[in-house]
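The values are calculated or read from the model by the stated rules, or taken from the named source; none is laboratory data. All values derive from a computational prediction rather than experimental measurement. When we count neighbours, we look across all protein chains shown, and the Cβ atoms used for this are built from the backbone with ideal geometry, even at glycine.
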Amino acid sequence: MTEEFDVNAWMVRVNSRGVSGLFTDKTPDDKQSSEYLQLSCWMDGMRESFEVDVAEHRAVAKDPPDFEVRIDDHWSSVELTEFVNGPFLKKVAMHRRIRINYNAYHGEGFVDAQWNKAKFLEHLNELIDKKAERLINQSISVDILVVATAEPWLYRTNVQEWLSGEYPKSKIDPFNKVYIVMG
């Protein structure tokens, strides 16, 4: 990542989809800065929520995994992925092309952007399965999967409740740990 971080360029990129734009990357530098930002949020969360200090991190030359982190003198591989409401984003893009306002904050878009337990768990499991299959097909082992989201109507309290006693039930589980970072 370059020394200077252009906040304005990042904001334009993040808002380009209209919602949930954590990984809206135009260039390799954009991708690197997006991933580093999500890794930093996860590292902060580990420290604040679990009192786990992620002492060091380093980008991995061959992606995946995205990073390696040192926790308690042990290096672990970290893969980042984004949790988004794909069908909703497709509708946003379609409505933008025909210049009709459709967003997560009113009307039909508001209804379409909502989450419930069944929809959330189904989408999370599908996301983990897809990521797991891709890694297994490439014979790549990853210790930690960090799922980042900025869904506007997905609240931490709901996610905690929906995952209470539950856990992602991936068909294949190559990850030692799965964390959700909410932005």
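Among the conditions (1) surrounded by 18 or more Cβ atoms within 10 Å (Cβ to Cβ); (2) more than 24 Å from Pro65 (Cα to Cα); (3) not small (Gly, Ala, Ser), the only one that Thr149 does not satisfy is (2).
Among the conditions (1) modelled with pLDDT of 90 or more; (2) surrounded by fewer than 17 Cβ atoms within 10 Å (Cβ to Cβ); (3) in a helix (DSSP H, G or I); (4) not aromatic (Phe, Trp, Tyr), the only one that Met43 does not satisfy is (2). The residues listed here are Phe88, Phe110; of these, the one that is in contact (Cβ under 8 Å) with a residue 60 or more places away in the chain and part of a helix (DSSP H, G or I) is Phe88. The one condition from (1) part of a loop (DSSP other than H, G, I, E, B); (2) of a type outside the set (Gly, Ala, Ser); (3) surrounded by fewer than 17 Cβ atoms within 10 Å (Cβ to Cβ) that Tyr102 does not meet is (3).
When region 164-181 is filtered for residues that are modelled with pLDDT under 90 and either closer than 24 Å to Asn103 by Cβ or assigned to a helix (DSSP H, G or I) (or both), nothing remains. With respect to Ala132, is the statement that it is assigned to a helix (DSSP H, G or I), within 25 Å of Ser34 (Cα to Cα) and modelled with pLDDT of 90 or more true? Criteria met by Ala132. When the criteria are applied in full, Val146 fails the requirement of being closer than 17 Å to Ser77 by Cβ and in a loop (DSSP other than H, G, I, E, B).
Conditions tested, residue by residue: (1) within 20 Å of Ser40 (Cβ to Cβ); (2) touching a Pro at 6+ places or on another chain (Cβ under 8 Å); (3) touching a residue at least 24 places away in the same chain (Cβ under 8 Å); (4) among the hydrophobic types (A, V, I, L, M, F, W, C).
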{"residue": "Arg70", "(1), (2), (3), (4)": "yes, no, no, no"}
{"residue": "Glu82", "(1), (2), (3), (4)": "yes, no, yes, no"}
{"residue": "Met94", "(1), (2), (3), (4)": "no, no, no, yes"}
{"residue": "Tyr105", "(1), (2), (3), (4)": "no, yes, yes, no"}
{"residue": "Asn116", "(1), (2), (3), (4)": "no, no, no, no"}
{"residue": "Lys119", "(1), (2), (3), (4)": "no, no, no, no"}
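When you check Ala55 against the structure, is it in a strand (DSSP E or B), loosely packed, with under 14 Cβ neighbours inside 10 Å, among the hydrophobic types (A, V, I, L, M, F, W, C) and more than 16 Å from the chain's Cα centre (by Cα), yes or no? Considered against the rule, which asks whether it is in a strand (DSSP E or B), loosely packed, with under 14 Cβ neighbours inside 10 Å, among the hydrophobic types (A, V, I, L, M, F, W, C) and more than 16 Å from the chain's Cα centre (by Cα), Ala55 comes out as yes.
Looking at (1) farther than 19 Å from Pro64 by Cα; (2) in a loop (DSSP other than H, G, I, E, B), find the lone condition where Ile140 falls short. The single condition Ile140 does not satisfy is (1).
On the basis of being over 27 Å from Ala61 (Cβ atoms), of a type in the set (Val, Ile, Thr) and at pLDDT 90 or above, does Val142 make the cut? Spelling it out, it is not the case that Val142 is over 27 Å from Ala61 (Cβ atoms), of a type in the set (Val, Ile, Thr) and at pLDDT 90 or above.
Within region 76-99, the residues that satisfy the criterion of being surrounded by 14 or more Cβ atoms within 10 Å (Cβ to Cβ), farther than 15 Å from Trp153 by Cα and not small (Gly, Ala, Ser) are Val78, Glu79, Leu80, Thr81, Glu82, Lys91, Val92, His95, Arg96.
The set of residues in region 106-140 being surrounded by 15 or more Cβ atoms within 10 Å (Cβ to Cβ) and within 18 Å of Asn176 (Cβ to Cβ) consists of Leu124, Asn125, Leu127, Ile128, Asp129, Lys131, Ala132, Leu135, Ile140.
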